[in-house]
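Okay, so here's the structure we're looking at.
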Amino acid sequence: MGLASSAIVQTVLLGAALLGAISGMLGAFAVLRRQSLLGDALSHAALPGVCLGFLIAGGRNLGAVMLGAFVTGALAALCMMLIIRRTQLKTDAALGIVLSVFFAVGVVLVTVIQGQGGAGSLGLMTFLFGQAAAIQPADLWIMGGVGLVALGLVLALWKEFKLVSFDPDFARAQGFRVTLLEAVLTVMVALAIVVGLQLVGVVLMVALLIAPAAAARQWTRSLGAMVGLSALIGAGAGAAGALISATTRGLATGPVVVLVATVVVILSLLLAPGRGLVWQAMAARRARARISDGRVLAALQSVARDHDDPAHRVARGVLATALGAMPAPARLAALERRGLIRTAHQPPDPSPHWELTEAGHAEARALSGAPAEPSR
Amino acid sequence: MREDQLHEPDQALHVEDLTVSYGDTPALWDIDLDIPPGVMCAIIGPNGAGKSTLIKAALGLVRPVAGHVRFLGRPVAQMRGQIGYVPQRHSVDWDFPTNARDVVEMGLYRSLGWFRRPGRDARARALAALAEVGMQDYADRQISQLSGGQQQRVFLARALVQDAPILILDEPMAGVDAATEAVIIALLKRLRDAGRTVIVVHHDLTTVQSYFDWMVMLNIRIIAQGPVRETYTPENLRAAYGRHLALIADPAGAAP
């Protein structure tokens, strides 16, 4: 039986891709609003809710679990807001406190439920690190519904979300309901987390929010492209991770999804045109080469001028002294290829000499008159 | 006082008894302030004097403990589309994935209303506003690749595109080059001469007399307010900045 034809694998793949797309889309806004860590706190705070859902429903009931996760997640967000408003603590400290306290309560509840044993505890551990194989066909309807609502809201409120993400003060001064819009964005992130729990788990859920957005930012120049690409990367990472984990016995899905997404992020950070590290290193190299070539041309011209002979052949030692060091042979060869200098011999001296061509003189004059523009 | 009645409609900005506090430290204390229409007004004062807080409270971005604010007689909530606001450049992340024209179009979002997207008309107006600040060649440039002065001009264009009778700018000259400062000031003066009211949080005392015709001196409380000619005096400057300022603040020396 082929992989794709297995109904279970199809369900898992579709679910993981859906979830990745939702997280990627909403994560783009969270990252741009510098709220990525809020997602981390919300997902950790969902664990006690998951446990309560198990306890109340007496087993793995996705509706009860999601409701519980949403309630304790919202409670955590509320606590955080109160701490920031009412105390001197800053956002990072408030996040840390709320995240660890709620997670601790969750872990205590997990051990309590497992201590009781019985059918109720089965499947609880999958919510810690995620288990794609646990996704049921019925779960797809919930994921699809959440995805449609999120997509609809993002499309309908596109310009409002863009404005609030870029400049909330200006948005408020323009009379937009900024608090409401920010709340909608945050609630949608919470929904994505709740839906994604069983796939990725509470511990690593935040990676599915941040990683696709961080990778997408590297390649894009507009918000629309970033959100779209982020959703695609999320879907790809989710599907790939789920596939690897579902076909390998006992491999938790969350870590695999995160590793796949991380590879995409690393490649994006390195290779993206304009923003990638490799691209920037190459641009810096080109700039250095241009400057050093310019200095060679200027030195040759100045020596030629001293001798009142445009075709004066400059000896190796003279060039090295004028520049402070001998230029790399590759740079001289490049200049020669561009037809700006010519190698020549000045008998009886056996060592190579260089002279400027007509084009070389013109280029040197141009460089001294108008310095090359910095690349921008 | 009822909300639908005009209160002090002859003032572009009227502030009464305004008090704002962060925790237990007052940022603004019992501010009474009137700025008439058609002037170019500087709000000056030392660091921590509450200059930005004053305009944020006036715009309803900061909630005051007491007091009320009226623009042309109306509360700010009824005047949203008629006030152009230029926040401090550093208040946003310029690595946001967008270009200059897109940022300027944001100034039109309000007039578009919910759900509608900017179209060809918005694009044309945004380009015109960019041209007004000399940035027409940078419309498609990523905002992260603009210099500080260019970013400031884009922000100004975003306020201009609204075509509002009142403009409020928070430190528009902070960290911009001389060329940009000249462009901004020339533009603001043109707007003032066309009858708009321009209110600028300003930090450079040496240029107050040449740039502005009205001023408000602030240091938590109002120190002085009125036409620059009568208000820019050594006594007032010393009251706002302390006695060490005598050298810089000699009005005769700085006169245009």
**Report entry** Extreme residue, nearest to the chain's Cα centre (by Cα), among residues of the range A:163-218 that are closer than 19 Å to A:S23 by Cβ and not in a helix (DSSP H, G or I)
**Finding:** A:L204
Report task. Determine which single condition A:R221 fails, assuming it passes every other condition in (1) buried (at least 22 other Cβ atoms within 10 Å of the Cβ); (2) under 17 Å from the mean Cα position of the chain (by Cα); (3) in a loop (DSSP other than H, G, I, E, B). Result -> (1)
Query raised in the report: Among the numbered criteria (1) more than 13 Å from every other protein chain (Cβ to nearest Cβ); (2) without any contact (Cβ under 8 Å) to a residue 24 or more places away in the chain; (3) of a type in the set (S, T, N, Q), which single criterion is violated by B:Q152?
Result: (2)
Query raised in the report: Quick one: would you say A:P137 is farther than 26 Å from A:L75 by Cα and not hydroxyl-bearing (S, T, Y)?
Result: yes
Query raised in the report: Which members of the range B:141-154 meet the condition of being touching a helix residue (DSSP H, G or I) at 6+ places or on another chain (Cβ under 7 Å) and not in a helix (DSSP H, G or I)?
Result: B:R141, B:L146
**Report entry** Any helices (runs of 4 or more DSSP H) falling wholly within the range A:267-376 and containing at least 2 residues that are loosely packed, with under 13 Cβ neighbours inside 10 Å and out of contact with any Phe, Trp or Tyr (no Cβ under 8 Å at 6 or more places or on another chain)
**Finding:** A:277-306, A:329-337, A:358-369
Report summary line: Exactly one of A:A150, A:A171, A:A132 is within 29 Å of A:R249 (Cβ to Cβ) and either touching a residue at least 12 places away in the same chain (Cβ under 8 Å) or within 14 Å of chain B (Cβ to nearest Cβ) (or both), and that residue is A:A132
Report summary line: Pairs returned, first residue in the range A:210-227 that is at the interface with chain B (Cβ under 7 Å from one of its Cβ atoms), second residue that is buried (at least 19 other Cβ atoms within 10 Å of the Cβ) and of a type in the set (D, E, K, R), beta-carbon separation under 9 angstrom, 6 or more apart or interchain, are A:S222/B:D102; A:L223/A:K162; A:L223/B:D102; A:M226/A:R217
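Yes/no matrix, rows are residues, columns are (1) under 42 Å from the mean Cα position of the chain (by Cα); (2) not assigned by TED's automatic domain parsing to the domain that holds A:E358:
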{"residue": "A:S268", "(1), (2)": "yes, yes"}
{"residue": "A:R286", "(1), (2)": "yes, no"}
{"residue": "A:I291", "(1), (2)": "yes, no"}
{"residue": "A:A311", "(1), (2)": "no, no"}
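With closer than 14 Å to B:D170 by Cα and modelled with pLDDT under 90 as the only criterion, which of B:A49, B:A58, B:A159 stands out? Lay out the reasoning, then the answer.
Values: B:A58 fails: modelled with pLDDT under 90; B:A159 fails: modelled with pLDDT under 90.
That would be B:A49, the only listed residue that is closer than 14 Å to B:D170 by Cα and modelled with pLDDT under 90.
The values are calculated or read from the model by the stated rules, or taken from the named source; none is laboratory data. Everything quoted here is computed from the prediction, not taken from an experiment. When we count neighbours, we look across all protein chains shown, and the Cβ atoms used for this are built from the backbone with ideal geometry, even at glycine.
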